[in-house]
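For reference, the structure is listed below as structure tokens.
The values are calculated or read from the model by the stated rules, or taken from the named source; none is laboratory data. If you're wondering where the values come from, they're calculated on a predicted model, not measured in any experiment. Backbone-built Cβ (ideal geometry, glycine too); neighbour counts: all protein chains shown.
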Amino acid sequence: MLASCIRRSVVAVAAAFALAAGPVAAQDDAPVVAAASDLQFAVAEIAEAFEAETGMAVRLSFGSTGNFARQIREGAPFQIFMAADERFIADLHADRLTRDAGDLYALGRLALVVPHGSTLTPDPEMNDLAGMLAADQISRFAIANPDHAPYGMRAKESLIAKGIWDDLQPVLVLGENVSQAAQFALSGNAEGGIIAYSLALAPKVASRGTYALVPEDWHEPLRQRMALLNGAGEVAEAFYAYMTEPAARAIMERYGFVLPKDE
């Protein structure tokens, strides 16, 4: 049971590895985009390109999809929701909190990541992780909280598929979102973790460790969908449309996202 696992805190996280996002623009009236944490770097670049091309700005807020969905239900003033799991968009749409069913904007992947100097080797089949776990050589291993973070949900499914989920419970460290899980995994106080491939490719993250892609058939697909929320204005509409433009799509591809054709 997840509730019974020992959640250990990480003593130190390097200051240089800063995944917390500030707003792209300081305008108080700029629409706020609630974006899943795996978009931390990709969407920040897209927002900068959007402002450079159009003169319009958005503010970005990154966090776990589940927490954002709850905040939207509580009346949070977001204008766009970019979820890491399309089911959250479907639920909000069913409750008439979005304009429509939204659009699939990407498919995500998982990566097993380890910090430089770790004794763990990041192999796609997680054989070294399983071996070290059996030998009691794993002290901490990080994932996002599967209770509300889609990347944590899919990480849990992958660990179940490998047959090591139960054995990991005493050493599991849960991040509030996948960005925090990446901080924990690469802090030097953990042997590694499972995070978003898009984060593993980001220069700030890549400089701190190595990774291996987790087999995509070990978990349900990470179908990522976005939607305009009720009350979205013209700038939000423009940014939403910009996400489908070649410039934005090229940035998403560079961060390892698989782009949908026409859905």
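List of remarks:
- Taking first residues from the range 88-100 that are not assigned by TED's automatic domain parsing to the domain that holds D147 and acidic (D, E) and partners that are surrounded by 16 or more Cβ atoms within 10 Å (Cβ to Cβ) and part of a helix (DSSP H, G or I), the Cβ contacts under 8 Å between residues at least 6 apart in sequence or on separate chains come to D91/A69; D100/H93.
- Filter result for R225 (within 27 Å of R99 (Cβ to Cβ), among the charged types (D, E, K, R), within 18 Å of the chain's Cα centre (by Cα) and not in a helix (DSSP H, G or I)): yes
- Taken over the range 150-173, the residue count meeting the criterion of being among the β-branched types (V, I, T) and surrounded by 23 or more Cβ atoms within 10 Å (Cβ to Cβ) is 1.
- Annotation: V205 fulfils all but one of (1) touching a helix residue (DSSP H, G or I) at 6+ places or on another chain (Cβ under 6 Å); (2) surrounded by fewer than 24 Cβ atoms within 10 Å (Cβ to Cβ); (3) more than 17 Å from D85 (Cβ to Cβ); the unmet one is (2).
- Any hit, the range 64-72, residues being among the hydroxyl-bearing types (S, T, Y) and either touching a residue at least 24 places away in the same chain (Cβ under 8 Å) or out of contact with any helix residue (DSSP H, G or I) (no Cβ under 7 Å at 6 or more places or on another chain) (or both): yes
- Residues that are buried (at least 16 other Cβ atoms within 10 Å of the Cβ) and assigned to a helix (DSSP H, G or I), drawn from the range 111-135: D128, L129, A130, M132, L133
- Being part of a loop (DSSP other than H, G, I, E, B), at pLDDT 95 or above and within 19 Å of R87 (Cβ to Cβ) is a description that does not apply to E263.
- Considered as a group, the residues in the range 1-60 that are of a type in the set (V, I, T) and at pLDDT 60 or above include one that is surrounded by the fewest Cβ atoms within 10 Å (Cβ to Cβ), and that residue is T54.
- The residue list P124, P203 contains one member that is closer than 18 Å to F62 by Cβ and at pLDDT below 95, which is P203.
- Taking the range 61-101 as the range and being crowded, with 16+ Cβ neighbours inside 10 Å and more than 22 Å from the chain's Cα centre (by Cα) as the test, only L97 passes.
- Checked against the criterion of being in contact (Cβ under 8 Å) with a residue 60 or more places away in the chain and closer than 27 Å to I80 by Cα, the candidates P122, P150 yield just one match: P150.
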